[in-house]
Each structure stands twice: as structure tokens, then as C-alpha cells.
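> The structure that follows is given in the form of C-alpha cells.
The values are calculated or read from the model by the stated rules, or taken from the named source; none is laboratory data. Only a predicted model underlies this, so the values are computations on that prediction, with no experimental measurement involved. We place every Cβ from the backbone using ideal geometry, glycine too, and count neighbours over all the protein chains shown.
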């Protein structure tokens, strides 16, 4: 009988040991699975982070190239403008006239002053009556037009302002180039970064 009891105790101990081992194996498998999932998640996060960094770096490179190309284009445009202006061609004289008329039309006053660089003052003096007539026609009222004493440091174009200097319209070639540059920058950015968020 003692032998049977001992056998039962051993069998119970074996069953408990097997159950404990099985339970330990299940816990170990669960821990292993959780650890594997954690490692996989960290790897996915690291990979995503590295991918985001690479994308950001590529965007920076594209942006730098874009700005470099833009600067080169502006420098070339500036050189061409200088050539056009220094030749005092009839095309530039017409452009100067249009810039002054446009600027004067934007100012809601009839007593106006035109500022130019020292070279263009003589061009404007020679066309002052013509400018006054055209601006008066466009505004629908008689305007007073004079050339300012101060000379602008500009390649060309003009600044037109009212007598009280409260309204000023910058129609210099540099201002025009800046405006065009901003418009082109928007277009270039839209083209370069189209779909970049994907």
C-alpha cells in the first residue's frame, strides 16, 4: 500500500512537473512573442525614422538646388536688364514709360512725384508732358507731375509717390524682378514638391 501511495505521489509530482513545465513553456513562448513584437516594432519605428530623415535630406537637397538655380536665373536676368538699360534702347524707354504710368495709376492722388536713377532723369524730363497727359487720361482727372530731386540707386524703372509721401508705388526693375521671383518660386515649389508628402 505504501508502494501504491508512493507511486501515486510520484505520478502526481510528475503530472505537476509536466503541468509546470508546460505552463513555463507557454509563458516563455508568450514572453518570446512579446519580445519579438517589441523588437519588430522598434525596428519598424527606426526604419520609418530613417526613411523620414532620408526624405527630409532629399527635400533639403532639392530645395538648395532650386534656390541655387533661382539665384542664377535672377543674376542672369539682372545682367540682361543692365545691358538693356545701359544701351538706353527705345524698348527700355517704352518700358520705363509704362512702369511710370502703371505706378501713377495705382496712387489715388493727383499731385505726383517721380523718382528715378540719375541716368533716367533726363529720359523722364523729355517725356514729362507725354506722361502727364497719359496719366491724366487714365485717372480721368488732371494730374501734377514732377521729377524728384533725389536719385535712386537702381538699375532702372521708377518710384512714384504722392506729394505727402503717404502713397508710394515701387516700379523699379529690381522690384519687378523680386515680384517675378516670388511668383516663380511658388510655381517651382509646387512643381518640385508635388506629391512629396506621399
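> Condition check: assigned by TED's automatic domain parsing to the domain that holds residue 170, in contact with a helix residue (DSSP H, G or I) (Cβ under 8 Å, 6 or more places away or on another chain) and in a helix (DSSP H, G or I). Does residue 100 satisfy that?
yes
> Moving to a separate point now. Please work out which residue is surrounded by the fewest Cβ atoms within 10 Å (Cβ to Cβ), limiting yourself to the stretch 104-126 and to residues that are outside any helix (DSSP H, G or I) and out of contact with any strand residue (DSSP E or B) (no Cβ under 7 Å at 6 or more places or on another chain).
108
> Output yes when any residue across the stretch 53-66 is under 30 Å from residue 156 (Cβ atoms), assigned to a helix (DSSP H, G or I) and in contact with a helix residue (DSSP H, G or I) (Cβ under 8 Å, 6 or more places away or on another chain), and no when none is.
Yes: one or more hits.
> Could you please let me know if residue 84 is part of a strand (DSSP E or B) and either under 30 Å from residue 68 (Cα atoms) or touching a strand residue (DSSP E or B) at 6+ places or on another chain (Cβ under 9 Å) (or both)?
Taking the combined requirement at face value, the residue does not satisfy it.
> Pick from 50, 94: which is surrounded by 10 or more Cβ atoms within 10 Å (Cβ to Cβ), assigned by TED's automatic domain parsing to the domain that holds residue 117 and over 23 Å from residue 182 (Cβ atoms)?
Just one listed residue meets the conditions, 94.
> I need the full set of residues from the stretch 166-198 which are assigned to a loop (DSSP other than H, G, I, E, B) and at pLDDT 90 or above, in order please.
Selection gives 166, 167.
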